[in-house]
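The values are calculated or read from the model by the stated rules, or taken from the named source; none is laboratory data. All values reported here derive from a predicted model rather than from experimental measurement. Using ideal geometry, Cβ is built from the backbone for each residue, glycine included, and neighbour counts are taken over all protein chains shown.
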Amino acid sequence: ANSWGNLVSRALNMSAKYFDGKTPVLADGWADEQSPLREIAQGIEGRYAKHMDRLEYVQAKDVVMELVHAANHYVEDSAPWAVAKDPARAGELAQIIANLLESIRICAHLLTPFMPKTSAEVLRRMGAGEEADTTDLASACEWGRLVGGVEVTKGDALFPRLASAKSGK
């Protein structure tokens, strides 16, 4: 929950901050874009479905978490907060945030059987709420379906920390 919630929060906050509360619009689209996240996402639905078909739920979840963890590392490696300081790198910033949001969109679909309300909420916050009811998982998990210029909502923490009885925090 911590990795997933943190990723969603960071990406939506950066989209709100750097793109006026909208998903980035990619000048060149997704055609030539190469990223480590796209590489991991390629075929993710097939790997996930293989485990789900065998009722191997932990392994299916682990397939999704591979992309979640990679996206969290991608945030650190790409340092969008530093890229944002240089207006000449606006296209690069858009690509970074779009890659993160696209990874989140795909993960939300794959996590639906495990967290249906949370996944629907993530898609809603991304302006992709209509996707929550899709029955074509393979199509929903294709890279490059994120729509640019759609309003995003930061919202409250998906998984608020529980207050400790001892510390009161």
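Quick notes on this one:
- Residues of the stretch 91-147 satisfying the condition of being among the β-branched types (Val, Ile, Thr) and within 25 Å of Asn2 (Cα to Cα): Ile96, Ile97, Ile104, Ile106, Thr112, Thr118, Val122
- Gly149 vs. criteria at positive phi and either surrounded by fewer than 22 Cβ atoms within 10 Å (Cβ to Cβ) or polar (S, T, N, Q) (or both): yes
- Residue that is surrounded by 14 or more Cβ atoms within 10 Å (Cβ to Cβ) and either more than 16 Å from the chain's Cα centre (by Cα) or modelled with pLDDT of 75 or more (or both), where the choices are Gly168, Gly127: Gly127
- Residues in the stretch 103-130 that are assigned to a helix (DSSP H, G or I) and under 14 Å from Glu45 (Cβ atoms): Ser103, Arg105, Ile106, Cys107, Ala108, His109, Leu110, Leu111.
- So Glu76, is it charged (D, E, K, R), surrounded by 11 or more Cβ atoms within 10 Å (Cβ to Cβ), within 28 Å of Glu151 (Cα to Cα) and without any contact (Cβ under 8 Å) to a residue 12 or more places away in the chain: no
- Every pair of residues 6+ apart whose Cβ atoms lie under 7 Å, when the first sits in the stretch 49-62 and is closer than 17 Å to Met115 by Cβ while the second is assigned to a loop (DSSP other than H, G, I, E, B): Lys61/Phe114
- Every pair of residues 6+ apart whose Cβ atoms lie under 9 Å, when the first sits in the stretch 4-26 and is more than 16 Å from Asp156 (Cα to Cα) while the second is surrounded by 23 or more Cβ atoms within 10 Å (Cβ to Cβ) and among the small types (Gly, Ala, Ser): Lys22/Ser15; Thr23/Ser15; Thr23/Ala98; Thr23/Ala128; Pro24/Ser15; Pro24/Ala98; Val25/Ala98; Leu26/Ala98
- Subset of the stretch 131-162 (residues that are at pLDDT below 90, within 15 Å of the chain's Cα centre (by Cα) and not in a loop (DSSP other than H, G, I, E, B)): Glu131, Ala132
- Filtering the stretch 1-23 to residues that are small (Gly, Ala, Ser), surrounded by 15 or more Cβ atoms within 10 Å (Cβ to Cβ) and in contact with a helix residue (DSSP H, G or I) (Cβ under 7 Å, 6 or more places away or on another chain) leaves Ala11, Ser15.
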